[in-house]
Amino acid sequence: MSYNNPYAHATWTSAASSSLSNWSGLPPPNFTPISHEPYPSHLPPFPRSTSVNFTFIVKPDITNCIVFGPQSWAYFKIVTNPSTSDFTVVQDANGKNIAATIWKEPALVEVAGIVPRTSTKQWLRLSSSRRYRTMELYPSSSSGEDPLAIISELDGSVVLDMSPGALQAGLLDVCVVATLLLMSRRNIDL
């Protein structure tokens, strides 16, 4: 079954700067578009030869899956409480919880050390035209629009392609969580 979610084929854009190790003294984060308005009929070019691929192997959906990365290593495990289905955690390769989503009203998300507990609709804001979402990533110092990540669905698996710059900037965890939210088929605007 094919599923077409316009938010799933998102492209994060940012400045060419990829060094974010020191947040002190930086201006507050701005909102960077995930997609362009109106929604593009095709994705912008993304250099596959330089991107790093993460594949979400769903069991039975993205809220219960394993995320494989380079060299087919398991990087993350996404687990949802089977008795209530209202709490999902993202664990790193060592089994440490690095993020959580609570699927009640309001739906909440938290990424350890990066995103304090906030509503999903605030973290991945829907535009007034309802055609794209924005995410608070980090301050941009130029108007360059280099793709940081692209989410797609391929043969029943979800694929997150990330640029090396996005990985160096420490955006892997937030991109995995954003992928979870966008591909969960749940209402994140509660």
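No lab work stands behind these numbers, since they all come straight from the coordinates. Remember, predicted model here, so these are calculated numbers, not experimental data.
Histogrammed with a bin width of 10 Å, the alpha carbon distances of the stretch 45-111 distribute as 21, 44, 26, 9, 0 percent, first bin at zero.
The stretch between Asn187 and Ser157 holds 8.8 nm of extra length on full extension. This uses 0.36 nm per residue minus the Cα-Cα distance.
Annotation: extensible slack from Trp73 through Ala100 equals 7.5 nm (criterion: 0.36 nm per residue apart, minus Cα-Cα distance).
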